[in-house]
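Encoded as structure tokens, the structure appears first; notes follow it.
Read the figures in this text as sums done on the coordinates, not as results from a lab. None of these values were measured; they are calculated from a predicted model. Reconstructed Cβ throughout: ideal geometry from the backbone, glycine too, with neighbour counts over all protein chains shown.
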Amino acid sequence: MKRKVGKPIGQEFFNRPTLVVAEELLGQYLCRQIEGETERHIITEVEAYDGQEDKACHAHKGKTQRNQVMFGPAGQWYVYLCYGMHWLLNIVTGPEEYPAAVLFRGLQTTTGPGRLTKCLQINSDQNEKPALPDSGLWLEASALNICKEDISRTPRIGIDYAGSPWVEAPYRFILKI
DNA sequence: TAAGTGATCTCT
DNA sequence: GAGATCACTTAA
């Protein structure tokens, strides 16, 4: 898909298969505006959560108040509290009524999904908002040219309960830098 | 390696 | 309403 460097990434980018979106997000910018200052961080690690069939996906038991945003249109943030202290940031992908999202696990400047949101001052205020500059949190295409050789794929973290084949599914994407 | 932490979900 | 669970981090 064509992306213009320095332009916000729009909904059409996210309204595609979750695994494709996850892989292509590597190397792009996650942008955050705080008190008038804009920060840009290269995305280095993401995980895909793909639909109701995926037992590791929050939506696998159906729609609830928490996960309903995943059933909505692509390109909106899904932010939730994990282990009572960490906000985790996801972007909704795929068509409406297909619950899927990509979890942001790491940036060039931070490691770990909980520290990422702490660093960018992300909390439930961003939940269900569109990923556009108006919301203060959005994505931009970078000038980096990512090759297949630059990407590692591994199973996802912290989802041992999901069982086979979801435990071992290589839905985690890491940029080797 | 284990504890901290609290929203969410499932079962009464 | 109560109890279990949980896409993590930190300090030891």
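Brief remarks on what is shown
- For region A:110-116, 3J(HN,Hα) computed residue by residue from phi via the Karplus equation (6.51, -1.76, 1.60; θ = phi - 60°) reads 9, 10, x, x, x, 6, 4 Hz, glycine and proline entered as x.
- A simple spin-label model places pseudo-atoms 7 Å from Cα toward Cβ; at A:Val5 and A:His60 they are separated by 4.1 nm.
- Scaled against 2.2 N^0.38 Å for its residue count N, the alpha carbon radius of gyration of chain A is 0.95.
- For region A:68-172, average projected area of the Cα convex hull in nm²: 8.0 nm²
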